[in-house]
Amino acid sequence: MTQNHRKLFVRSFGCQMNVYDAQRMADALAPEGYVETDRAEDADLVVLNTCHIREKAADRVYSELGRLREMKAERAQDGRETMIAVAGCVAQAEGTEILRRAPGVDLVVGPQSYHRLPDLIARARTGRVVDTEFPVEDKFAHLPAASPEKTRARGPSAFLTVQEGCDKFCTFCVVPYTRGAEVSRKVMHLVGEAERLAASGVRELSLLGQNVNAFHGEGPDGTVWGLARLLRRLAMIPGVERLRYTTSHPRDMDEDLIAAHGDLPELMPYLHLPVQSGSDRILSDMNRQHTADSYLRLIERIRAAQPDLALSSDFIVGFPGETDRDFEDTLDLIRAVGFASTFSFKYSPRPGTPAADMDGQVPEPVKVERLAALQALLEEQRQAFNRSCIGREMDVLFDRAGRHPGQVAGRSPYLQPVQMMADNVAIGDIVRVRILSNGTNSLFGEPAYPTLVDRPVEAVA
Ligand code: SAH
Ligand code: SF4
Ligand code: F3S
């Protein structure tokens with residue numbers, strides 16, 4: 001490589017797809033000589049990978065950009081140039097508005113243009129650049145793969161975006177506007193990427209998509225494959241021991257996917273299936289196209305296929321028109337299901353979405369109160385689920401060092417963080433663990449068979 005090393009700092013907000021995108025941006029810039037740093041002050045190029053989902057998330061971008069502008073001025077005094085780029089969903093939604101509001105920004109790049117980053121950065125050296133097109137070319141086909149060393153450094157659990165965008169248009173949500181129409185990647189491209197990841201020590205793949213179970217990628221036989229068929233194919237790759245997928249929509253849980261939960265051992269017994277509300281009137285105004293009852297019946301069918309299933313969901317409180325009665329319906333649904341972990345939010349009106357202009361906007365104090373009541377119930381359920389794991393044995397994939405010396409940390413099949421004291425367990429090992437106790441966020445365990453560790457073949461050699 002002829003160029004000098006330049007330093008890159010990427011900060012991601014928002015969902016897991018942004019984490020995946022941040023890695024792919026770093027991979028795209030590696031051939032240009034960019035090396036990642038975890039200190040913004042050292043970086044020649046700072047990328048803010050932004051989220052537009054709620055007002056707070058979007059506001060944080062501007063306060064962060066204010067700080068970065070000062071940093072850029074300080075570095076300039078030392079004769080060092082700094083380029084500031086805004087990527088992600090705020091970039092897509094606000095485009096040139098960002099240049100107006102944030103004078104330090106050199107480049108605004110939407111999520112569909114990351115493969116053009118080297119070129120965009122070159123252009124931004126001579127003037128501010130905005131690229132928020134939805135290009136016709138396939139971004140993924142143009143993004144270079146990570147080096148085996150980089151993949152290894154990122155750990156044994158990896159994200160893999162299989163589809164992007166959304167055609168559902170829930171009335172509260174910006175995603176169909178920021179990520180565009182639903183597009184699935186080709187099966188063999190995904191198999192290729194998964195094989196490269198597995199060859200570098202990845203043992204768990206989390207398939208990502210804004211509507212991941214709407215996946216309908218072109219298969220090697222020219223027919224359209226659904227998510228279940230893709231999961232079954234990826235499970236055949238040597239080294240791939242665990243599969244997960246997120247985020248799914250209740251409307252796209254087809255028979256084959258439900259069956260996979262019962263008969264595909266690599267598919268972990270955990271499902272994130274956002275329901276948002278338990279009131280049919282609110283669900284209809286949200287344009288969710290399912291009812292509370294159809295959701296409950298769906299859960300029954302999935303549990304029939306896989307009784308040992310941890311369920312997770314997203315909830316919104318204070319959607320326009322939500323009454324106490326509607327909110328009670330949501331609490332009833334939660335009691336009927338029993339969730340292992342959840343995410344819940346106060347409704348945040350988003351510019352350009354239909355719900356932002358609906359009558360009956362709910363006052364902030366009511367939202368605050370409802371969120372607290374909802375979270376108290378959900379926290380009870382989470383703790384109950386964690387307590388039910390005490391005394392059980394389960395396979396844990398250890399993916400990082402623990403907080404204390406001699407401690408390793410990983411994830412249970414149900415995605416709970418697990419900590420354990422062990423001197424013969426390495427990062428990437430899957431170990432049968434007996435759960436002894438639970439803390440606020442983690443479970444604590446001991447090796448169920450102290451001498452038996454399932455380690456990738458290459459690591460043993
Ligand atoms: N694609 C996923 C979720 C995308 S956003 C899905 O369809 O489920 C993640 C979560 O953010 C949503 O499930 C919803 O609960 C929440 N969310 C989205 N828009 C929101 C808004 N305007 N206000 C509050 N929460 C919102
Ligand atoms: Fe947003 Fe609804 Fe699409 Fe999920 S399904 S990304 S909540 S519009
Ligand atoms: Fe946020 Fe965009 Fe993800 S709005 S949640 S970063 S798809």
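If only the Cβ of Lys and Arg carry +1 and only the Cβ of Asp and Glu carry -1, the dipole of the chain around its Cα centre is close to 740 debye. Across region 393-447, the mean sequence separation of Cα contacts (distance under 8 Å, 6 or more residues apart), normalised by length, yields a relative contact order of 35 percent.
Using C-alpha pairs under 8 Å with a sequence gap of at least 6, the mean separation divided by the residue count of region 2-71 gives a relative contact order of 40 percent.
The share of accessible area on the chain that comes from carbon and sulfur is 52 percent, using a 1.4 angstrom probe. In loop segments of region 169-218 as defined by DSSP, there are no chymotrypsin sites (Phe, Trp or Tyr not before Pro) with at most 11 further C-beta atoms inside 10 Å of their C-beta.
Taking 31 Å as the limit for the C-alpha separation, the pairs Lys7/Lys139; Lys186/Lys346; Lys7/Lys346 exceed it in the case of Lys186/Lys346; Lys7/Lys346. D by Stokes-Einstein for region 145-386, Kirkwood Rh over Cα pairs, 4 °C, 1.567 mPa s: 68 µm²/s. Per residue, the chain reaches -10500 deg cm²/dmol at 222 nm when only DSSP H runs of four or more residues are counted, each adding -39500 (n - 2.57).
When Rg and the Kirkwood radius Rh are both evaluated on Cα atoms of the chain, their ratio Rg/Rh stands at 0.96.
What does DSSP give for the chain in terms of the percent of beta bridges that are antiparallel, rounded to the nearest 5? Among the beta bridges of the chain, antiparallel pairing accounts for roughly 35 percent.
At an R0 of 56 angstrom, the distance between the Cβ atoms of Val224 and Gln77 translates into a FRET efficiency of 0.45. Along the axis of the charge dipole computed for the chain (Cβ charges of +1 for Lys and Arg, -1 for Asp and Glu, origin at the Cα centre), the listed residues Ser147, Thr132, Ser388 are led at the positive end by Ser147. Pairs of Cα atoms nearer than 8 Å and 6+ residues apart set the relative contact order; for the chain it is 9 percent. Note on region 393-447: Kirkwood radius taken over Cα pairs, Stokes-Einstein applied at 10 °C and 1.306 mPa s, translational D equal to 150 µm² s⁻¹. Close amide H contacts of Asn49 (hydrogens built in the peptide plane, cut-off under 5 Å, sequence separation of 5 or more or a different chain): Arg11, Ser12, Phe13, Ala87.
Scattering from region 3-131 was approximated by placing one identical point on each alpha carbon and applying the Debye formula without solvent; log10 I(q)/I(0) at 0.12, 0.19 1/Å stands at -0.39, -1.05.
With the simple model of a label 7 Å out from the Cα in the direction of the Cβ, Asp256 to Asn441 spans 3.8 nm.
Using a probe of 1.4 angstrom and keeping all protein chains present, the accessible surface of the chain works out to 44 square angstrom per residue. Compared with the alpha-carbon gap, the fully stretched path from Arg60 to Glu379 is longer by 112.2 nm at 0.36 nm per residue.
Annotation: extensible slack from Val19 through Asp280 equals 90.6 nm (criterion: 0.36 nm per residue apart, minus Cα-Cα distance).
The values are calculated or read from the model by the stated rules, or taken from the named source; none is laboratory data. Everything numeric here is computed off the predicted structure, so don't read it as measured data. Neighbour counts are summed over all protein chains in view; Cβ atoms, including those assigned to glycine, are modelled from backbone coordinates with ideal geometry. Just the protein is used for accessible areas: all its heavy atoms, side chains included, with ligands, DNA and RNA removed. Shrake-Rupley method; radii C 1.70, N 1.55, O 1.52, S 1.80 Å.
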